[in-house]
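The values are calculated or read from the model by the stated rules, or taken from the named source; none is laboratory data. Nothing here was measured: the structure is a model prediction, and the numbers come from that model. A quick note on method: Cβ atoms are made from the backbone with ideal geometry, for glycine too, and the neighbour counts reach across all protein chains shown. These accessible areas exclude ligands, DNA and RNA; they are computed on the full protein's heavy atoms, side chains included. Shrake-Rupley method; radii C 1.70, N 1.55, O 1.52, S 1.80 Å.
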Amino acid sequence: MTKLNSKIPEGLLKDKWSNYKAHQNLVNPSNKRKLDIIVVGTGLAGGAAAASLAELGFKVKNFCYQDSPRRAHSIAAQGGINAAKNYPNDGDTVYRLFYDTIKGGDYRSRESNVYRLAEVSNDIIDQATAQGVPFAREYSGLLDNRSFGGALVSRTFYARGQTGQQLLLGAYSALSRQIGLGNVTMYNRTELMDIVIVDGKARGIVTRNLITGEIESHFAHAVVLGTGGYVNAYFLSTNAMGSNGSASWKAYKKGAFFANPSFVQIHPTAIPQHGEFQSKLTLMSESLRNDGRIWVPKNLEDAKAIREGKKKATDIPEDQRDFYLERRYPAFGNLVPRDVAARAAKERTDAGYGIENNPAGEGVYLDFKYAIERLGKNVIEERYGNLFQMYEKITDDNPYITPMKIFPALHYAMGGTWVDYELQTTIPGLFSIGEANFSDHGANRLGASALMQGLADGYFVLPYTIQNYLAYEIGTPRSNPKEVKEFKEAEESVKSYLNKLMGIKGKTSVDTFHKRLGHVMWNNVGMARTEEGLKEAIAEIQQIKKDFWSDLKITGEINAMNVELEKANRVADFIEIGELMARDALNRNESCGGHFRLEYQTDEGEAMRRDDKFMYVAAWEYKGDDQEPELHKEELKYEGIEVKTRNYKSA
Amino acid sequence: MSSKTINIKLKVWRQKDATTKGKFENYELSEISTASSFLEMMDVLNEKLVGEGNEPVAFDHDCREGICGMCSLFVNGHAHGPDTLVTTCQLHMRKFKDDETITIEPWRAGGFPVIKDLMVDRNAFEKIMQAGGFVSVSTGGVPDANAIPIPKKDSDEAMDAASCIGCGACVATCKNSSAMLFVSAKVSQLALLPQGKLEASRRAKNMVAVMDELGFGNCSNTGACEMECPKGISLAHIARLNREFLVATIKE
Amino acid sequence: MSSFFTSSIGKKFLMSVSGLFLVVFLAVHLTANLFILGGPDAFNQSAHFMGTNPIITLMQPILAFGFLLHIIYSLIIQIKNWKSRPVKYKKVDQSETSTWASRNMIWLGIFVFGFLTVHIINFFYVIKFGEMNMITVNGVEMEDSYKLVAGLFTDFGAISYIYSAVYIISFIALGLHLHHAFWSAFQTLGLSNIAWRKRLSVLGDIYAIIVAAGFTIIPLYFLLF
Ligand SMILES: Cc1cc2nc3c(=O)[nH]c(=O)nc-3n(C[C@H](O)[C@H](O)[C@H](O)COP(=O)(O)OP(=O)(O)OC[C@H]3O[C@@H](n4cnc5c(N)ncnc54)[C@H](O)[C@@H]3O)c2cc1C
Ligand code: SF4
Ligand code: FES
């Protein structure tokens, strides 16, 4: 049977976290100094954890691939962060936040973790405010809230359109203070290459210095991964260029189970692709759907004429526009959840109604004409001025006059390294936090909840739970990795791996492979998945892998900065992650949240969940390069909440 | 979205590493879509170079949406190129003409040594932040977020300052390579908020002391930084930094 | 406190304070000079007052000190600024991002300083230590400064024209220097914000124009009338 022990504490849902804290082991102050912790990642999760652990007295080594911890991709989050403060007095409670998150995740997340997340959400807002994060305020001087998709209350705190930036800079400031005090040693422009296991426990990492190419080893009593999500497997996504799944993947190959890899979120409102050389997709905030109406032409000829540049959006008369979300979902209209909106757009473009002149004709209109008529241009400008300006800079189109073009884009990975209640992976001493783990969002993440989770993990959960592990490590002396066999072996294997990459000496660039992979992922492991398509994807990805390892071309040197080599290392892992994603999607014979299998839909085209068979977390175990991974199931039990079907057609 | 294609000539600074002498190399690219971003154009150049068996041009970038502050580049005499309120990753090729020669240089400043090609080392900014760019609170034990009301005006102004992305364009464009705009943004943000006010003097002193050590020049108020700053950080923050610094000195 | 004057902001503080002091001096100097428009007697009385008033006399060494401070610190600051970009750009375009004057303060300053040297030799030195004609105005015997000034601007033919031209150009340079300096001094002292920046800039420009135009009137007065 299963090897998974999720270590959920005893007691009522609402008491679990307090019970845990009351009985867990702690490390005494004089011993903390003797313990080293490696934190990989400086995003909301990693940055917050590194700072908090150092404040407690542990010696922390913190790593990121950028030139500064402040540049982790959390910086790009726009919308906001949820918390159950109930400042607006509109009836929010910890339970309601918990409930919305579980329901939004389509009942595929672990109840106890989510409840704890909701519980600590309020502390995050207090902490950030104390750090000087300039959240939006009312004239009263008190904090302002706004509402976000999937909730009946206003619980989202925000800092203009830059909430992630401000929260990250808050964590970064705390981290900078600890670096200045000498409690954190910061390694910028350093990439994790492998995790080192000694006697079954995570004992350190091997890294590559991205400036010099040097391979180095670092020892620690525990290793924490806060390395973010892996949706760049699709090549085009809203993630940063360097966002990668490699750290989680190296952990997987060392024995950490990978959970729900196929659960990724496709955000409905990004700017569509414009051409073959496009490198990433830019998100347009979800809030735009509050005032914009989404449509495509009713006639195929009109759509074609628009794509060919013969007609403009404004040439299409009112009665020739198909407001398909309003048509299909009268109750929620343009405000249906992300997964539903994204799928509906794909359905229209697949049928030939797309309006953007890109290879697949992928794009739909988001029209503000009606809102401008109703509210006036001023109001719209006040609400979305920044976004409109950003849109115009990118597209050279004025959204006040012509409708915006949007299309769904890969955005977030709900899946990730499997962790127990303590955020520990299946490798003792290896922890995973933030987007890198799988824990809190089930099959779909609600807006403004990723920031909450990253900071909850980093500030308020991991600093407790890691001590329950470290309390048993106080007898383990610091060791010099140069003298430990396992470190030497790991270094050697990293070096030979990189040499192998450099040695292929083929003809095709890394980006070409990455794009090829992205193509397969988008078409077959994207918004609408089928058994046939997924099997095809697995075969194609295996072919890409073969071609990659025989025809890759990397210029430059191994012992120096080499951007192509960095990319190759990441893409090699994306290829394998992509395969596991397809495998997981194939295994899950149901539709839930972001995972939509065409075979499993209702007559009306809505997702069909199969709770009797699939109410579990799929945790995959690596069995070797030529072996199929082994599936372990963590059954999900809901005690504090009634399991229901999501319905957005009627209220 | 009227996109056409243009042909361009590039003059790009190439430098093997920090210690090797660099020089300009000329490249030509044809049929670049004006709808693509500047960095996508650089991607095309790099694909071409790799295809020819050469090393691609190293340049910093990550988010490609103007928020991480990682991208740099001095393009045709301007930090982040010839457009206002954008980072290089937000700059688009429609800003350039057919047959135009585009000169691309790294940030040039004593405080930002070149690492390779167009990549520079901005660690000096890290050191400045570590000297005082924070409120000295630790995790936990803080008051309720609404315990201290903050006038909306102050909070908004603090947010203006806080939107600095730490890109270094201010230093790059300043004729004196001064880092005052960057430092002032953080000092000003925290001085405006009651949480940060308590340490305002100390912060200003410590951050300026480190800034002075790291090879940045003296601000002479030309205002070029403000004009080239992708986030429009105002010189008014420098005035506040000066004020905090003078107050710190008087208090001593 | 000790570290203050070695810090970048401390050094600029000295530049600003000495600069503002020189601004005040310029106003006094200009006022005294403009008496020339009232004819020889008025001007000579004004010059006599400036030469004998104890407060003004007392201020002279302080003024010299102010000049020295301003000049020395400008050099210290400028040298560091030059050094802080060891490798220059190949292509820089600042035409739209800052004013020409703000980028060339050191050259404007050096130009004005050059003129100042000549000026001190021609006037201040001659009046203080040279041979001066004496005249009596309202029963008080005093040096005939008017004659000295008028002589310089008119008596030497072509050289006077050149001298007048240099004089005028120098004060235009000084005006440009002030155009940036005035607001800049307040900014460095922390006495500016978004609203005051505009006001102070306008005030600075008005002042700069008054100084440049005011001093320029003098040679023009002699050349044209
Ligand atoms: C455009 C955009 C908008 C978003 N808006 C919102 C929003 O409004 N609200 C919300 O709640 N969520 C939002 N999200 C999601 C949210 O921002 C992320 O899920 C969250 O910030 C992830 O934080 P993290 O700390 O887990 O990882 P990240 O912030 O991605 O940090 C990863 C860190 O790991 C390091 N790293 C990665 N790989 C390696 C390696 N191999 N070696 C060394 N270091 C490595 C990186 O350097 C970085 O420091 C948004 C996401 C995007 C892309
Ligand atoms: S002040 Fe502006 S130019 Fe300078 S680092 Fe910040 S964002 Fe960049
Ligand atoms: S790449 Fe992030 S700001 Fe340009």
Original post:
Restricting attention to segment A:498-532, which residues are small (Gly, Ala, Ser), open to solvent by less than 10 Å² (accessible area, probe 1.4 Å) and part of a helix (DSSP H, G or I)?
Top reply: A:518
**OP:** Pull up segment B:84-106, narrow it to residues that are under 26 Å from residue C:85 (Cα atoms) and within 13 Å of ligand 3 (Cβ to nearest atom), then point me to the one that is farthest from the other protein chains (Cβ to nearest Cβ).
**Re:** B:88
**OP:** Working only within segment B:157-207, note down all residues that are within 8 Å of another protein chain (Cβ to nearest Cβ), within 16 Å of ligand 2 (Cβ to nearest atom) and under 17 Å from residue A:160 (Cβ atoms).
**Re:** B:158, B:159, B:162, B:163, B:165, B:189
**OP:** Hey, can you tell me all the residues within segment A:195-219 that are surrounded by 24 or more Cβ atoms within 10 Å (Cβ to Cβ) and over 15 Å from residue A:65 (Cα atoms)?
**Re:** A:195, A:196, A:202, A:203, A:204
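Is there a residue in segment A:232-240 that is farther than 30 Å from residue A:132 by Cα, within 16 Å of ligand 3 (Cβ to nearest atom), assigned to a helix (DSSP H, G or I) and not aromatic (Phe, Trp, Tyr)? Show your work before the answer.
Initially, segment A:232-240 is screened for residues farther than 30 Å from residue A:132 by Cα, giving A:232-237.
Filter again for within 16 Å of ligand 3 (Cβ to nearest atom), leaving A:232, A:236-237.
Now restrict to residues that are assigned to a helix (DSSP H, G or I): A:232.
Still in the list and also not aromatic (Phe, Trp, Tyr): A:232.
Yes: segment A:232-240 contains one or more residues that are farther than 30 Å from residue A:132 by Cα, within 16 Å of ligand 3 (Cβ to nearest atom), assigned to a helix (DSSP H, G or I) and not aromatic (Phe, Trp, Tyr).
How do the helices (runs of 4 or more DSSP H) wholly within segment C:43-135 filter down when requiring 3 or more residues that are in contact (Cβ under 8 Å) with a residue 40 or more places away in the chain and away from chain B (no Cβ under 14 Å): which remain?
Result: C:54-83, C:105-119.
Out of A:121, A:147, A:140, A:112, I need the residue that is of a type in the set (Ser, Thr, Tyr), over 18 Å from residue A:455 (Cα atoms) and away from chain B (no Cβ under 11 Å). Which one? If you could, list the steps in order and put the result at the bottom.
Numbers: A:121 fails: over 18 Å from residue A:455 (Cα atoms); A:140 fails: away from chain B (no Cβ under 11 Å); A:112 fails: over 18 Å from residue A:455 (Cα atoms).
Testing whether each residue is of a type in the set (Ser, Thr, Tyr), over 18 Å from residue A:455 (Cα atoms) and away from chain B (no Cβ under 11 Å) leaves just A:147.
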**OP:** Output the residues belonging to segment B:43-55 that are over 23 Å from the mean Cα position of the chain (by Cα) and without any contact (Cβ under 8 Å) to a residue 24 or more places away in the chain.
**Re:** B:44, B:46, B:47, B:48, B:49, B:50, B:51, B:52, B:53, B:54, B:55
Subject >> residue A:109, sole failed condition from (1) more than 16 Å from ligand 2 (Cβ to nearest atom); (2) open to solvent by 10 Å² or more (accessible area, probe 1.4 Å) >> reply: (2)
**OP:** Of all residues in segment A:240-273, count the ones that are near ligand 1 (Cβ under 10 Å from one of its atoms), in contact with a Gly (Cβ under 9 Å, 6 or more places away or on another chain) and open to solvent by 10 Å² or more (accessible area, probe 1.4 Å).
**Re:** 2
Original post:
Which residues, counting only those in segment C:163-209, are hydroxyl-bearing (Ser, Thr, Tyr) and within 8 Å of chain B (Cβ to nearest Cβ)?
Top reply: C:184, C:188, C:192
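Evaluate the following for residue B:16: is it farther than 26 Å from residue B:230 by Cα, of a type in the set (Lys, Arg), open to solvent by 10 Å² or more (accessible area, probe 1.4 Å) and modelled with pLDDT of 95 or more? Show your work before the answer.
Values: farther than 26 Å from residue B:230 by Cα: yes; of a type in the set (Lys, Arg): yes; open to solvent by 10 Å² or more (accessible area, probe 1.4 Å): yes; modelled with pLDDT of 95 or more: yes.
In short, yes.
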**OP:** Kindly list the number of the only condition in (1) surrounded by 15 or more Cβ atoms within 10 Å (Cβ to Cβ); (2) under 30 Å from residue B:220 (Cα atoms); (3) touching a residue at least 24 places away in the same chain (Cβ under 8 Å) that fails for residue C:209.
**Re:** (1)
Subject >> Within segment A:602-651, considering residues that are of a type in the set (Ser, Thr, Tyr) and closer than 21 Å to residue A:263 by Cβ, the one least open to solvent (accessible area, probe 1.4 Å) >> reply: A:616
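To keep it simple, each residue is scored yes or no on (1) in contact (Cβ under 8 Å) with a residue 60 or more places away in the chain; (2) under 26 Å from residue A:235 (Cα atoms).
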position: A:560; (1), (2): yes, yes
position: A:582; (1), (2): yes, yes
position: A:607; (1), (2): yes, no
position: A:645; (1), (2): no, no
Original post:
Of all the residues that make up segment A:53-100, how many are modelled with pLDDT under 95, within 16 Å of ligand 1 (Cβ to nearest atom) and more than 10 Å from chain B (Cβ to nearest Cβ)?
Top reply: 3
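Listed here are the residues, each with its yes/no results for (1) closer than 24 Å to residue B:185 by Cβ; (2) open to solvent by less than 10 Å² (accessible area, probe 1.4 Å); (3) away from ligand 2 (no atom under 13 Å from the Cβ); (4) of a type outside the set (D, E, K, R).
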| residue | (1), (2), (3), (4) |
| --- | --- |
| B:34 | no, yes, yes, yes |
| B:47 | no, no, yes, no |
| B:50 | no, yes, yes, yes |
| B:74 | yes, yes, no, yes |
| B:79 | yes, yes, no, yes |
| B:85 | yes, no, no, yes |
| B:98 | no, no, yes, no |
| B:113 | yes, no, yes, yes |
Subject >> Failed criterion for residue B:150 (all others in (1) away from ligand 2 (no atom under 16 Å from the Cβ); (2) of a type in the set (Val, Ile, Thr); (3) open to solvent by 20 Å² or more (accessible area, probe 1.4 Å) hold) >> reply: (3)
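Taking residue B:209, is it part of a helix (DSSP H, G or I), over 20 Å from residue C:15 (Cβ atoms) and in contact (Cβ under 8 Å) with a residue 60 or more places away in the chain? Break it down into steps so the answer makes sense when it comes.
Values: part of a helix (DSSP H, G or I): yes; over 20 Å from residue C:15 (Cβ atoms): no; in contact (Cβ under 8 Å) with a residue 60 or more places away in the chain: yes.
Criteria not met by residue B:209.
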Subject >> Residues (more than 8 Å from chain C (Cβ to nearest Cβ) and either under 30 Å from residue B:65 (Cα atoms) or surrounded by 24 or more Cβ atoms within 10 Å (Cβ to Cβ) (or both)) located in segment B:208-240 >> reply: B:214, B:225, B:226, B:229, B:230, B:231, B:232, B:233, B:237
Original post:
Among the residues of segment B:114-155, which ones are more than 8 Å from chain A (Cβ to nearest Cβ) and either acidic (Asp, Glu) or under 18 Å from the mean Cα position of the chain (by Cα) (or both)?
Top reply: B:114, B:117, B:118, B:120, B:124, B:127, B:128, B:154
Subject >> Candidate set: segment C:112-148, residues that are closer than 19 Å to residue C:35 by Cβ and of a type in the set (Gly, Ala, Ser); chosen: the one surrounded by the most Cβ atoms within 10 Å (Cβ to Cβ) >> reply: C:145
Original post:
From A:117, A:192, which residue is in contact with a Phe, Trp or Tyr (Cβ under 8 Å, 6 or more places away or on another chain), assigned to a strand (DSSP E or B) and buried (at least 24 other Cβ atoms within 10 Å of the Cβ)?
Top reply: A:192
Original post:
In this structure, does residue B:132 turn out to be more than 16 Å from ligand 3 (Cβ to nearest atom) and in contact (Cβ under 8 Å) with a residue 60 or more places away in the chain?
Top reply: yes
**OP:** State yes or no: is residue A:148 over 29 Å from residue A:191 (Cα atoms) and assigned to a helix (DSSP H, G or I)?
**Re:** no
Original post:
Which members of segment C:110-138 meet the condition of being at pLDDT below 85 and of a type in the set (Gly, Ala, Ser)?
Top reply: C:130
**OP:** Collect the residues in segment A:150-168 that are within 11 Å of chain B (Cβ to nearest Cβ) and open to solvent by 10 Å² or more (accessible area, probe 1.4 Å), keeping them in residue-number order.
**Re:** A:158, A:160, A:161, A:162
